[in-house]
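Read through the structure below, which is laid out as C-alpha cells, and then see the notes.
Nothing in this text is a laboratory measurement; each read-out follows from the coordinates by a stated rule. Since the model is a prediction, treat every value here as computed from it, not as a measurement. Note: ideal-geometry Cβ built from the backbone for every residue, glycine included; neighbour counts use all protein chains shown.
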Amino acid sequence: MKKLFLILTMTGLAMTAMAQSQLSTVRGKTKDGKNLKVQYYKGTVEDVIQSVSYDLVDELQAKSNKLQADLDAAKKEIKNLQASGGGADANELKNLRKKVKDYEKENATLTKQIKELKNQLGGDVVEPSSDNDQAVAEAQRQVAEKDKAIAELNTVLDACNAKVKDMERQIGELKGAVRPPASPVIGATFGMGPAFIGKSTPDYWAKNVKPAILFEVYYGTGNLTPSFPLSVEAGLGFRNFKMSATLPEYTTVITGDDNDGDPFKAHYSFNNLEERLGLTYLDIPVRVCVSQPLKDRVTVYAKAGLTPSIKVGSNFNGSGTYSLFGYYPQWDVNLQDIEPLGFGEDLECYDGFTPEVKSFVLWGNLAFGAYVPFNGSPIELNAGVKFDFPLTSFGTAATGDFIPGTHAAVLGNGGKATIMSLQLGVVYNLK
C-alpha cells in the first residue's frame, strides 16, 4: 500500500513539473500604462490573439453589412418615389418621413458603434518580453495581417459613409420638393353668394345686395413642371345674378330751355323708385392653379384667371313716379298740371325706357380653398371661396328723361357688380 501511494505521488510530481515546463509568460504594458502578464501554454498565444482579432473583424463586418442593407433600402425607397413622378400623398409622405427619421437615428447608432470598434482595435497592445519570442513574433505577424484586413474594411466603411451622406442629401431634397398629385382632373363646382353693385351707381341710391348663382364643369391638367405644383384649368359654366337699387324720395332742380327756347327751372320730385336688373351669362373660365398638400391628405389651393361671359338673357324692370312743375323767373310764373307740356304729378318714370345690356363681359377671378379626398378613392370634395370682378361694364348708360341723373341707376357708367361666392364641388382624379 505504501508503495502504491509513493508511486502515485511521484507520478503527480512528474506531471506537474512537465506542465510547468510547458507554461510560458508574456509580459507588457497597455496603452494606459498598466502592467500586463499573460501565462499560456506553448502554441496557444497565437490562437488567443487570432480569435480576438477575428471576433472584432466579424463584428465590424456585421455592422458594415447592416449599414449597407439600410443604404440599399433607402435607395430603393427613393427610386420608387422618383418613379412615381413625385406624386406622394400626405400619408405616403408621412411614412417616408418616419422612415427617414428612423434611418437617421439608426445610422447615428451604427456610426457610434463603428467608432467604438475602431477604438477597440486601437486598444490594449501587448509588448512581448524575451520569453518565447518566436511564438510572440508569429502572433504579431498574424495580428498585422488582421490589422491590414481591418484597414481595408475601414476603407469600405468610408465608402459606405459617403453613400450615407449622398442618400441623406437626396432625402433632404425630397423633403423640400413635395408636390401634389400630377394627374389631370375633371371637376364640377356650384357656388352661391352676394352680388355687390359697384361705385358706378350714384350714392343717393340705396344699393341692394342680391344673390348670385354660379355653376361650372372644368378640366385640369397635371403639374406643368416637376419642380412646381402649377396646373391649368378650363371649362364651361353659367351664372345668374341680380342688381337692384331703390330711391324712396328725391328732389332736384334743373335749369334749361323749353321747346320755345324760353329759359325755365324744372322742379322734379321723385317717389318710390326701384330698378331691378337680372343677367344670365354663359361662362368660359380659364385659370391657373397652385396647390399644396397638408396633413391628413388635405390639399389647399389658390386659383387666378379670366372668364369671358356671353349674355344669354337679361331682364330690366323700373318703377316709381315723379312730379314736375316749371318756374319761369322772367315772368315769375309756375306751370304745373299741364301734361301736354310735361308738367304734372305722379307721372311714370320708366314708361318706354329700355336700357341696353352688352352681350359680352370679361371677368377676373380669384379663388381659395381645399380638396378633401375620400380615403382610397379618386374622388375629392372641394370647398372654398371665389371672387369675380368685372373688367368690362354690363351695359351702356341709357338716357331717360324722367330718371334722376337721366340714367338708369344700376347701369350708371355702364354698371358693374362684384360677386363673392362660396364654392362646393367634386373632383375626379384621372389616374
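Taking the Kirkwood radius as the inverse of the mean 1/r across Cα pairs, report the Rg/Rh of the range 334-380. Write down the numbers at each step before the final one.
Values: Rg = 28.2 Å, Rh = 17.7 Å.
Computed over Cα atoms, the ratio is 1.59.
Hey, fewest Cβ within 10 Å first, where do Cys160, Cys349 land in order? Please report the intermediate quantities before stating the final value.
Working: Cys160 18, Cys349 22.
Lowest to highest Cβ neighbour count: Cys160, Cys349.
Return Ile310, Ile419 ranked ascending by Cβ neighbour count within 10 Å, so the fewest neighbours appear first. Show your work: numbers first, answer last.
Values: Ile310 12, Ile419 23.
Ranking Ile310, Ile419 by Cβ neighbours within 10 Å, fewest first, gives Ile310, Ile419.
Taking H placed 1.01 Å from N in the peptide plane, check which residues at least 5 places from Leu230 or on another chain put their amide H under 5 Å from its amide H.
Here the answer is Leu224, Thr225, since their amide H atoms fall under 5 Å of that of Leu230.
For a quick check: sort Ile197, Ile150 by the number of other beta carbons within 10 angstrom, fewest at the front. Show your work: numbers first, answer last.
Values: Ile197 23, Ile150 19.
Ranking Ile197, Ile150 by Cβ neighbours within 10 Å, fewest first, gives Ile150, Ile197.
Listed highest first by mean packing, meaning other Cβ atoms within 10 Å per residue, what order do 226-238, 257-269 come in?
Working: 226-238: 15.6, 257-269: 12.7.
In decreasing order of mean packing, 226-238, 257-269 become 226-238, 257-269.
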